[in-house]
């Protein structure tokens, strides 16, 4: 038995199960969870609590409106994760971290809030819709399918509708927006 197994025993089975799922999905997508297992399990415990409370994985480090449409930009993984990990080595709550952060090559410090103040005050609001399918974007190119963009990682998919799950970051269908 490892020390990690001992830490896991102090958490509910659903928390441990989600931790292992997130860890697997993070590694498959080229991400890293924070290697401090107890800290990470506490964050996952917050995700589980918020799933029960709101019906979605609201970031445990931010206040929620309790309406998914207003909170969507901070549903884990949040829209700001990748930019935070690139710039600071960790996302806002430090659930996701870079290799450099793990190796101690970047300082482990508080991450400034990237969420715009108006979203903090009033919640996220969807941007204006893109042009309808088949419309000619700049340059006159007519596309046979609309293009959908994952708002978490930027993955693009050209198809009739958004994918059910992003193949890169595993964000769900509702995290996609019409791009072209």
Query raised in the report: Only one of these conditions is not met by residue 46: (1) loosely packed, with under 14 Cβ neighbours inside 10 Å; (2) out of contact with any helix residue (DSSP H, G or I) (no Cβ under 8 Å at 6 or more places or on another chain); (3) assigned to a helix (DSSP H, G or I). Which number is it?
Result: (1)
Report task. Just give me the residues in region 59-73 being without any contact (Cβ under 8 Å) to a residue 60 or more places away in the chain and either out of contact with any helix residue (DSSP H, G or I) (no Cβ under 9 Å at 6 or more places or on another chain) or over 18 Å from residue 42 (Cβ atoms) (or both), in sequence order. Result -> 65, 66, 67, 69, 70, 71
Report task. Mind listing just one residue for me: the one in region 70-85 that is over 21 Å from residue 97 (Cβ atoms) and either outside the structural domain of residue 26 (by TED's automatic domain parsing) or modelled with pLDDT of 95 or more (or both) and, of those, surrounded by the fewest Cβ atoms within 10 Å (Cβ to Cβ)? Result -> 70
Query - Filter result for residue 56 (free of Cβ contacts under 8 Å to residues at least 40 places away in the same chain, touching a strand residue (DSSP E or B) at 6+ places or on another chain (Cβ under 9 Å) and under 21 Å from residue 150 (Cα atoms)) - result: yes
Query raised in the report: Which one is surrounded by the fewest Cβ atoms within 10 Å (Cβ to Cβ), of the residues in region 86-96 that are in contact with a helix residue (DSSP H, G or I) (Cβ under 6 Å, 6 or more places away or on another chain) and not in a loop (DSSP other than H, G, I, E, B)?
Result: 90
Query raised in the report: Of all residues in region 49-69, how many are within 22 Å of residue 110 (Cβ to Cβ) and loosely packed, with under 15 Cβ neighbours inside 10 Å?
Result: 1
Query raised in the report: In this structure, does residue 55 turn out to be at positive phi and either at pLDDT 95 or above or in the same structural domain as residue 150 (by TED's automatic domain parsing) (or both)?
Result: yes
**Report entry** Unmet criterion (only one of (1) surrounded by 15 or more Cβ atoms within 10 Å (Cβ to Cβ); (2) closer than 19 Å to residue 55 by Cβ) for residue 174
**Finding:** (1)
Requested in this report: Evaluate the following for residue 9: is it more than 22 Å from residue 100 (Cβ to Cβ) and surrounded by 15 or more Cβ atoms within 10 Å (Cβ to Cβ)?
Outcome: no
Report task. Could you list, in sequence order, all residues of region 143-154 that are touching a strand residue (DSSP E or B) at 6+ places or on another chain (Cβ under 7 Å) and surrounded by 15 or more Cβ atoms within 10 Å (Cβ to Cβ)? Result -> 146, 147, 148, 149, 150, 151
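The values are calculated or read from the model by the stated rules, or taken from the named source; none is laboratory data. In this text, all values refer to a predicted model and were calculated from it rather than measured experimentally. Quick reminder, even Gly has a Cβ in these numbers, built from the backbone with ideal geometry, and neighbours come from all protein chains shown.
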